[in-house]
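**Student:** Sharing a structure here in structure tokens format.
The values are calculated or read from the model by the stated rules, or taken from the named source; none is laboratory data. Please read all numbers here as calculations on a predicted model, not as lab measurements. Note that we place each Cβ from the backbone using ideal geometry, even for glycine, and neighbour counts take in every protein chain shown.
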Amino acid sequence: MTEETTAMPMSDTGSGSERERRSPIEWLRDQRDHRAHLFLLAIMLLASIVVIDFQTWLVLTISGVAMGAILFLMASGMTLTFGLMSVLNLAHGAFISLGAFAGGTVLAFWLDGFASSPSFLINLVAIIPALLFAAFIAGVVGLVFEKLVIKPVYGDHLKQILVTVGGSIILMQLIEVIWGPNEIPVTRPEALSGAFLVPEALPLIGGIVLEKYRLVAVVLGLAIYAGMLWVIDRTRIGILIRAGVESREMVEVQGYRIHLLFLGVFIAGSALAGLGGVMWGMYKELLTPHMGDEMMISVIVVIILGGLGSIRGCFYGALLVGLINLYIGFVEPRLAAVATVGLMVGVLMWRPQGLIPVIKV
Amino acid sequence: MAEPILKLSGVKADIDQYHILHGVDLVVPKGELTVLLGRNGAGKSTTLRTIMGLTTLTGGTVTYQGQDISRWPTPKIARAGIAFVPESMGIFGLLTVRENLVLAAVSGPMDEARLQWIFDLFPPLKKFWDKPAGTLSGGQKQMLAIARAVIEPRDLLLVDEPTKGLAPAIINDLADAFEQLKEQQVSILLVEQNFNFSRRLGQTVAVMNDGAVVHAGTMAELAENDELQQDLLGLGLGAHQ
């Protein structure tokens, strides 16, 4: 969201002769200061390609981006609710689980006939309703949750933490009541399971094996990111959300009911968590009530890393977390768990407000 | 005096445990510019915020165009035709100048002719149309804040110290803008510390001290009477309790 602001000093110095005089070092320094997210991503990609051989690197990168895309779906709702109303919703993980169970039910029980067909188009008949149903259920529960749990504790972070952790436990218990305490296996739709081999004849990438599902996750994640950016950048709702992140009071002074806006964003955020949940469920092919909660550490790292309240920051944060997990996991598996948190600590020491800070004015 | 567009009767308001307004009686005549004068801490800003529903009213009533709006939520008050420019200006710094105005035009797309009028009043807004409002200078931000208040026709403007910290040339531009708004019969309630600026624009005046209005009348009367000025605005005000 602040990209424009931070990038501006660069474009302002853009008179031709001046630009030619700048050394590459200065250019790099500029990138580091004004486009920290791209700078860090570039460094990570370059550093890993030196250490890992190209074909493995490519597979790892695609898997990392897929993981990042799913993480972004799970985290984007939480960063928006925090940015807009400074509500810390620690029950966000329960919405991820809820989405996974709702979507999984469609795939494994209601429309399993379509899901097991080898044709991708017929699979879509199961996948699209599964995604929509997950988003719908998470959204509806989000609506109720906001009214019952969040609304009474606006403006008090300590109470929010206590109350949303409690709400999260209740939601996860409800999942156990409805779906039973056992883990539920969910097989991926037929056309998305397995992998395909890039033909040997192709130069460089010939012979590598790519999991189909990861490619789908990448495409879906990018599509939703693009859609969200469009809403945030181009529509009146998006302008309102950005304005609300800066000053709720002034949004009301303009004549908008900030609470309706927040309710809408909370529902959308829960629905996105639900979507992320189905994607994560299909990735793991196993549903447990705690699957969303287990992701919360990564989700929180992503939104802090990106800058609380920033959609762009959340996206890049998710990519960085997804990638570093796989790169480090490949190079030194024992360090994989440390890598995520290490990345966050490093970034926060460098930029305490995250990669793309949303400054309250 | 014209019929009132806004009337405060015995308005009381608290901020935390402090009583700030102790029964404010104030009348804003329709189509006129009313200046609210007074020392720092007299309760001028709180009066505006209370009218706007941003500070909770604990007693008395606010009547706007014959309706009791004392308990209305802020957005409803805004949509009834009252625009508020706070002392901090409250512009959205991360939004562009255009986006700030798009939001302010609540009822739909901006009116081209009105926008052109605003550009004529405040040319810098056109120049920095697609720049983040946070990069504007103080005077330009104030222009944007006022433009936002008048991008759609409004019946009443509440403006809190628009000249604070601005260069004289810009203060003149603002005065021109207020003159034009007066010609359009917009009612304005202006909080000011700058007496020369107020004297030039104001038709009616109210002076506040210690959370209440202690004098109300025409600006001409106050401007001519040095003794009254000394009494209300000079050192005498401190002992006026």
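**Student:** Looking only at region A:157-182, which residues are of a type in the set (D, E, K, R) and in contact with a helix residue (DSSP H, G or I) (Cβ under 9 Å, 6 or more places away or on another chain)? Full working, then the answer.
**Tutor:** Residues of region A:157-182 of a type in the set (D, E, K, R): A:159, A:176.
Hit for region A:157-182 is A:Lys159, nothing else.
**Student:** Scan region A:285-293 and tell me whether some residue there is within 11 Å of chain B (Cβ to nearest Cβ), in a loop (DSSP other than H, G, I, E, B), buried (at least 21 other Cβ atoms within 10 Å of the Cβ) and of a type outside the set (Lys, Arg).
**Tutor:** Of all residues in region A:285-293, those within 11 Å of chain B (Cβ to nearest Cβ) come to none.
Within region A:285-293 (the criterion being within 11 Å of chain B (Cβ to nearest Cβ), in a loop (DSSP other than H, G, I, E, B), buried (at least 21 other Cβ atoms within 10 Å of the Cβ) and of a type outside the set (Lys, Arg)), the answer is no, since none of the residues qualifies.
**Student:** Working only within region A:201-255, note down all residues that are away from chain B (no Cβ under 14 Å) and not in a helix (DSSP H, G or I).
**Tutor:** A:Ala201, A:Leu202, A:Pro203, A:Leu204, A:Ile205, A:Gly206, A:Gly207, A:Ile208, A:Val209, A:Leu210, A:Glu211
**Student:** Of all residues in region A:298-310, how many are more than 14 Å from A:Met67 (Cβ to Cβ) and in a helix (DSSP H, G or I)? Give the derivation first.
**Tutor:** Residues of region A:298-310 more than 14 Å from A:Met67 (Cβ to Cβ): A:300, A:303-310.
When the remaining residues are screened for being in a helix (DSSP H, G or I), the result is A:300, A:303-306.
The qualifying residues number 5.
**Student:** Hey, can you tell me all the residues within region B:117-137 that are surrounded by 21 or more Cβ atoms within 10 Å (Cβ to Cβ), under 22 Å from B:Gln180 (Cα atoms) and of a type in the set (A, V, I, L, M)?
**Tutor:** Once the filter is applied, which keeps residues that are surrounded by 21 or more Cβ atoms within 10 Å (Cβ to Cβ), under 22 Å from B:Gln180 (Cα atoms) and of a type in the set (A, V, I, L, M), region B:117-137 yields B:Ile118, B:Leu125.
**Student:** Can you tell which of A:Val321, A:Val358, A:Val299 is within 14 Å of another protein chain (Cβ to nearest Cβ) and either among the aliphatic types (A, V, I, L, M) or under 21 Å from A:Trp57 (Cα atoms) (or both)? Lay out the reasoning, then the answer.
**Tutor:** Details: A:Val321 fails: within 14 Å of another protein chain (Cβ to nearest Cβ); A:Val299 fails: within 14 Å of another protein chain (Cβ to nearest Cβ).
Every option except A:Val358 fails the conditions.
**Student:** Additional query: Determine if region A:330-339 includes at least one residue that is more than 14 Å from every other protein chain (Cβ to nearest Cβ), modelled with pLDDT of 90 or more and within 16 Å of A:Leu308 (Cβ to Cβ).
**Tutor:** Within region A:330-339, not a single residue is more than 14 Å from every other protein chain (Cβ to nearest Cβ), modelled with pLDDT of 90 or more and within 16 Å of A:Leu308 (Cβ to Cβ).
**Student:** Any idea how many residues of region B:90-136 are on the phi > 0 side of the Ramachandran plot and more than 9 Å from chain A (Cβ to nearest Cβ)? Break it down stepwise before answering.
**Tutor:** From region B:90-136, those on the phi > 0 side of the Ramachandran plot are B:90, B:108; that's our starting set.
Then keep just the ones that are more than 9 Å from chain A (Cβ to nearest Cβ); that gives B:108.
Qualifying residue count, region B:90-136: 1.
**Student:** Could you give me the residue pairs with C-beta distances under 7 Å whose first residue belongs to region A:210-227 and is surrounded by fewer than 19 Cβ atoms within 10 Å (Cβ to Cβ), whose second residue is of a type outside the set (A, V, I, L, M, F, W, C) wherever it lies, and which are 6+ apart or on separate chains?
**Tutor:** A:Lys212/A:Gly194
**Student:** I want to confirm something. Restricting to region A:10-53 and keeping residues that are surrounded by 11 or more Cβ atoms within 10 Å (Cβ to Cβ), in a helix (DSSP H, G or I) and of a type in the set (D, E, K, R), which single residue is modelled with the lowest pLDDT?
**Tutor:** Top of the filtered list is A:Arg19.
**Student:** May I pose another question? Say we look at region B:70-83 and pick out the residues that are of a type outside the set (Lys, Arg) and farther than 17 Å from A:Gly244 by Cβ; which of these is farthest from the other protein chains (Cβ to nearest Cβ)?
**Tutor:** Filtering region B:70-83 down to residues of a type outside the set (Lys, Arg) leaves B:70, B:72-75, B:77-78, B:80-83.
With farther than 17 Å from A:Gly244 by Cβ added as a condition, the list becomes B:70, B:72, B:77, B:80-83.
Working: B:Ser70: 17, B:Trp72: 11, B:Ile77: 8, B:Ala80: 9, B:Gly81: 10, B:Ile82: 9, B:Ala83: 8 Å.
Per the stated criteria, the residue is B:Ser70.
**Student:** May I pose another question? Tell me which of these B:Gln67 doesn't satisfy, since it passes every other one: (1) crowded, with 17+ Cβ neighbours inside 10 Å; (2) more than 14 Å from every other protein chain (Cβ to nearest Cβ); (3) over 30 Å from B:Glu221 (Cα atoms).
**Tutor:** Only one criterion is unmet by B:Gln67, namely (1).
**Student:** Restricting attention to region B:47-62, report how many residues are away from chain A (no Cβ under 14 Å) and assigned to a helix (DSSP H, G or I).
**Tutor:** Qualifying residue count for the region: 1.
**Student:** Of all residues in region B:70-116, which are surrounded by fewer than 16 Cβ atoms within 10 Å (Cβ to Cβ), in a helix (DSSP H, G or I) and not charged (D, E, K, R)?
**Tutor:** Passing the criteria: B:Ala113, B:Gln116.
**Student:** Determine, yes or no, whether A:Ile258 is touching an Asp or Glu at 6+ places or on another chain (Cβ under 6 Å), under 30 Å from B:Met89 (Cβ atoms) and within 14 Å of another protein chain (Cβ to nearest Cβ). Step through it out loud before you land on a result.
**Tutor:** Details: touching an Asp or Glu at 6+ places or on another chain (Cβ under 6 Å): yes; under 30 Å from B:Met89 (Cβ atoms): yes; within 14 Å of another protein chain (Cβ to nearest Cβ): yes.
So A:Ile258 passes the test.
**Student:** Condition (residue is small (Gly, Ala, Ser), in contact with a helix residue (DSSP H, G or I) (Cβ under 6 Å, 6 or more places away or on another chain), modelled with pLDDT under 95 and not assigned by TED's automatic domain parsing to the domain that holds B:Glu221) applied to region B:31-39: is it met by at least one residue?
**Tutor:** Quick first cut of region B:31-39, residues small (Gly, Ala, Ser) only: B:31, B:38.
Subset that is in contact with a helix residue (DSSP H, G or I) (Cβ under 6 Å, 6 or more places away or on another chain): B:38.
Subsequent filtering for residues that are modelled with pLDDT under 95 retains B:38.
After this cut, where a residue has to be not assigned by TED's automatic domain parsing to the domain that holds B:Glu221 as well, the list is none.
Checked against the condition, which is being small (Gly, Ala, Ser), in contact with a helix residue (DSSP H, G or I) (Cβ under 6 Å, 6 or more places away or on another chain), modelled with pLDDT under 95 and not assigned by TED's automatic domain parsing to the domain that holds B:Glu221, region B:31-39 yields no hits at all.
**Student:** Of the residues A:Ala243, A:Ala268, A:Ala273, which is under 25 Å from A:Lys147 (Cβ atoms), in contact with a His (Cβ under 7 Å, 6 or more places away or on another chain), at pLDDT 90 or above and not basic (Lys, Arg)?
**Tutor:** On the way: A:Ala243 fails: in contact with a His (Cβ under 7 Å, 6 or more places away or on another chain); A:Ala268 fails: in contact with a His (Cβ under 7 Å, 6 or more places away or on another chain).
Among A:Ala243, A:Ala268, A:Ala273, only A:Ala273 is under 25 Å from A:Lys147 (Cβ atoms), in contact with a His (Cβ under 7 Å, 6 or more places away or on another chain), at pLDDT 90 or above and not basic (Lys, Arg).
**Student:** If you don't mind, another one. Any chance you could count how many residues in region B:137-170 are touching a helix residue (DSSP H, G or I) at 6+ places or on another chain (Cβ under 9 Å) and more than 14 Å from every other protein chain (Cβ to nearest Cβ)?
**Tutor:** Counting residues in region B:137-170 that are touching a helix residue (DSSP H, G or I) at 6+ places or on another chain (Cβ under 9 Å) and more than 14 Å from every other protein chain (Cβ to nearest Cβ) gives 14.
**Student:** Out of the residues in region A:88-105 meeting the condition of being crowded, with 24+ Cβ neighbours inside 10 Å and not small (Gly, Ala, Ser), tell me which one is farthest from A:Ser168 (Cα to Cα).
**Tutor:** Once the filter is applied, the top-ranked residue is A:Phe101.
**Student:** I'd like to know if region A:145-153 contains one or more residues that are out of contact with any Lys or Arg (no Cβ under 8 Å at 6 or more places or on another chain) and surrounded by 24 or more Cβ atoms within 10 Å (Cβ to Cβ).
**Tutor:** Taking every residue of region A:145-153 in turn, at least one turns out to be out of contact with any Lys or Arg (no Cβ under 8 Å at 6 or more places or on another chain) and surrounded by 24 or more Cβ atoms within 10 Å (Cβ to Cβ).
**Student:** Something else now. Would a scan of region A:154-176 turn up a residue that is over 25 Å from A:Leu73 (Cβ atoms), touching a residue at least 60 places away in the same chain (Cβ under 8 Å) and surrounded by 13 or more Cβ atoms within 10 Å (Cβ to Cβ)?
**Tutor:** yes
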